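The values are calculated or read from the model by the stated rules, or taken from the named source; none is laboratory data. Note that the structure is predicted; figures quoted are calculated from it, not measured. Cβ atoms come from the backbone with ideal geometry, glycine included; neighbour counts cover every protein chain shown.
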Amino acid sequence: MKNILKISAFVSVVTIASCSGDSTKEETSKAPNTGIDIKNIDSTAKPVNDFYQFVNGNWMKNNPVPESESRWGSFNELSDKNQAKLKTILEEAAADKTAPAGSNKQKIGDFYSVANDSVKLNADGIAPLKDEFTSIDNIKSTEDFIKAVAHLHTIGVGSLFGGYIGQDPKVSTEIITQLGQGGISLPDRDYYTNTDERTKGIQKAFIKHIENMFVLLGDKPEVAEKNAKVIFAIETNLAKASMTKIEMRDPEKQYNKKTLKELAELTPTFKWTMYFDANEIKGISNVIVAQPDFFKAMNAAIKTVSISDWKTYLRWGLIDQTASKLSDNLVNEHFDFYGKTLLGIPALKPRWKRSIEATDASLGDALGQVFVEKHFTQESKDRVAEMVKNLIAAYRVRIASRDWMSEETKKAANLKLDKVMLKLGYPDKWKDYSSLDIKRDSYVQNFLRANVYGFKEMVNKLGKPVDRTEWGMTPPTINAYYNPTMNEIVFPAGIMQPIFFNPDADDAVNYGAMGAIIGHELTHGFDDEGAQFDADGNLKNWWTETDKANFKKKTDMLVSQFNNYIAIDSMHVRGELTLGENIADLGGLTISYYAFKKSLEGKPTPEKIDGYTAEQRYFMAWAQGWRGNMRPEYLKNMVQTNPHSPGNFRGNGPLSNMQEFYDAFGVKEGDKMYRPKAERAEIW
């Protein structure tokens with residue numbers, strides 16, 4: 001699950017997450033099992049020592065990571081089922097010669113069709129990008145360079161820096177332009193600055209990859225070798241000036257509002273009026289600069305790096321971010337580095353799967369609308385809505401019971417719960433793609449046109465009221481999110497299916513899985529980042545100083561707990577980086593447990609199922625949701641860059657803080673799941 005308040009590039013992707021999910025009418029009426037598949041249990045593992053292994057051990061043994069994946073788990077299994085449904089939708093659309101020109105069916109059909117046409121893609125090569133490369137080659141001055149960066153941002157190429165037009169974090173009723181660090185190709189700044197052997201090996205492979213790509217563009221080997229060194233030097237300079245991922249978890253540090261005059265003084269060489277004019281971004285009086293030091297370094301680089309080298313950098317940005325939409329030689333070279341080297345994936349996904357993901361990313365509402373019509377039920381939506389209601393009620397009880405929190409802060413917390421907006425299944429209004437032209441001429445051109453559409457859609461928000469109906473995920477997505485500036489929790493249709501939501505399972509299973517996810521997203525409003533935003537979505541303190549100090553003492557316990565987990569080799573989980581998600585996991589699981597117990601009031605005690613009590617099944621449902629296997633390279637990258645902890649630690653970590661789990665399974669001192677009471681984090 002995720003919190004979506006981040007400074008992102010001025011790159012007009014239509015959605016924030018890739019497609020996955022399978023909430024089908026035919027399957028929601030007859031679940032494949034009662035929620036817990038006991039065949040997955042590893043009877044050689046004791047639940048009091050490694051609960052995750054106990055619940056999932058046999059599943060992990062019998063489900064190795066497929067050749068084309070970096071990891072394999074519950075989310076991937078659902079994604080596979082969902083992609084089969086989406087494939088049927090898209091193949092039908094692609095084959096329909098009677099779809100009216102300009103209709104959503106024509107657009108998703110044509111996009112998918114040309115993305116799948118490897119014969120055409122290989123015949124075209126880089127020809128569809130000829131005009132873009134010519135424009136870069138024609139750059140002769142800093143002014144030309146600024147205009148080129150502006151243009152590349154409109155087509156989805158995030159060179160030099162990042163940006164976003166959206167809610168002002170401190171005035172959530174207003175839209176403002178926000179600027180942030182960017183311009184690098186590796187997953188994180190630390191890949192450029194760290195000096196350990198693994199990082200140095202990745203740097204060497206990255207430089208060779210850049211060199212190979214320039215050769216494929218037609219450069220002579222000696223020129224390509226020089227170009228690769230230029231790219232790495234420029235990106236390393238940008239990376240060194242960038243905030244770390246942990247520093248970026250502090251929204252207050254990234255809120256630096258400036259007038260256009262102050263922005264010009266910050267970067268006198270980069271002419272912002274020229275940039276904004278080129279992108280038709282009008283009516284700006286203030287901007288938020290997330291990382292001023294980055295922009296100072298960027299300004300210095302513009303003065304010291306030659307125009308020739310900047311042209312090389314922009315050529316690289318263009319091919320790096322479009323290679324997956326071009327001929328097989330470029331696709332394969334791109335995958336060899338980003339897939340094989342970085343994540344350890346042996347083989348590419350089948351083209352049809354990649355094409356589905358790309359269609360969802362560019363035309364998510366058009367594809368999602370058909371998906372919802374065919375594969376989503378009102379029953380699922382209504383039942384999840386009822387669970388949300390119960391979770392919020394349980395949250396109020398928990399807030400009231402917090403002895404570390406003053407009445408003043410409790411009142412503000414309850415107000416925040418009062419104002420949480422719930423979005424379930426799909427948007428109330430769908431995107432209008434009438435201005436987006438999709439053809440069967442070129443996969444990459446369709447991709448760029450979709451990016452231009454998304455960029456214009458974003459720019460058009462300036463000067464207008466905040467659209468509170470907008471979604472940040474497509475309906476088929478197996479995920480959920482909390483957005484602090486909207487104070488909203490969002491659950492796409494894709495997540496409302498087994499194993500996360502199972503209409504045929506008992507309440508213990510649904511509260512342990514879906515309920516905990518709902519609680520997780522609610523808790524993001526009260527994690528160390530979300531708790532800095534008030535009920536109306538403004539970055540504004542609503543805590544007493546004493547309460548903030550008490551809260552930090554408790555969250556520091558989670559930092560320490562997760563810092564001690566060894567993920568692989570000598571790499572520890574990064575407790576500070578993963579803190580927000582770990583707070584949300586613990587809070588969500590706790591709140592949902594009490595909502596579940598509340599739901600049992602006035603009813604007979606649930607009978608055991610497969611020999612397990614309702615309380616035991618609750619925790620088993622939680623742990624099975626995080627089952628998965630990962631490739632070592634993927635796991636190392638995840639630990640370094642991802643705000644989520646690996647699945648085994650998400651499965652076990654919160655439980656070792658909960659007396660309710662100890663009671664359900666008889667955990668006692670000496671067991672590996674046991675933590676002394678003084679070391680248990682109890683927050684929400």
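Worth a mention:
- Single residue of Glu379, Glu357, Glu407, Glu386 found to be among the charged types (D, E, K, R), under 30 Å from Asp527 (Cβ atoms) and at pLDDT below 95: Glu386
- In the set Thr641, Thr605, Thr590, only one residue is among the β-branched types (Val, Ile, Thr) and under 22 Å from Val48 (Cα atoms); that residue is Thr590.
- Any hit, segment 598-611, residues being surrounded by 23 or more Cβ atoms within 10 Å (Cβ to Cβ) and either without any contact (Cβ under 8 Å) to a residue 24 or more places away in the chain or of a type in the set (Ser, Thr, Tyr) (or both): no
- Asp536 passes every criterion in (1) out of contact with any helix residue (DSSP H, G or I) (no Cβ under 7 Å at 6 or more places or on another chain); (2) assigned to a helix (DSSP H, G or I) apart from (2).
- Every condition in (1) over 27 Å from Phe455 (Cβ atoms); (2) over 20 Å from the mean Cα position of the chain (by Cα) holds for Ala366 except the one numbered (1).
- Annotation: of all residues in segment 306-345 being touching a His at 6+ places or on another chain (Cβ under 9 Å) and not aliphatic (A, V, I, L, M), the one that is surrounded by the fewest Cβ atoms within 10 Å (Cβ to Cβ) is Asp336.
- Residues of segment 534-574 satisfying the condition of being of a type in the set (Val, Ile, Thr) and closer than 24 Å to Tyr634 by Cα: Val559, Ile566, Ile568, Val573
- All positions within segment 494-534 that are in contact (Cβ under 8 Å) with a residue 60 or more places away in the chain and under 22 Å from Lys257 (Cβ atoms): Glu529, Gly530, Gln532, Phe533, Asp534
One line per residue, one yes/no per condition, for (1) of a type outside the set (Phe, Trp, Tyr); (2) surrounded by 21 or more Cβ atoms within 10 Å (Cβ to Cβ); (3) touching a residue at least 60 places away in the same chain (Cβ under 8 Å):
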site	(1), (2), (3)
Lys439	yes, no, yes
Tyr443	no, yes, yes
Lys461	yes, no, yes
Lys464	yes, no, yes
Asn487	yes, yes, yes
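- Test for Phe337: is it within 26 Å of Lys229 (Cβ to Cβ), in contact (Cβ under 8 Å) with a residue 12 or more places away in the chain and in contact with a strand residue (DSSP E or B) (Cβ under 7 Å, 6 or more places away or on another chain): no
- Checked against (1) of a type outside the set (Val, Ile, Thr); (2) part of a helix (DSSP H, G or I); (3) in contact (Cβ under 8 Å) with a residue 24 or more places away in the chain; (4) surrounded by fewer than 16 Cβ atoms within 10 Å (Cβ to Cβ), Gly102 passes all but condition (2).
- Considering segment 350-415, the qualifying helices (runs of 4 or more DSSP H), each wholly inside and each with 1 or more residues that are closer than 27 Å to Glu682 by Cβ, run over 378-400.
- Helices (runs of 4 or more DSSP H) contained entirely in segment 584-672, each with at least 2 residues that are of a type outside the set (Phe, Trp, Tyr) and outside the structural domain of Val509 (by TED's automatic domain parsing): none
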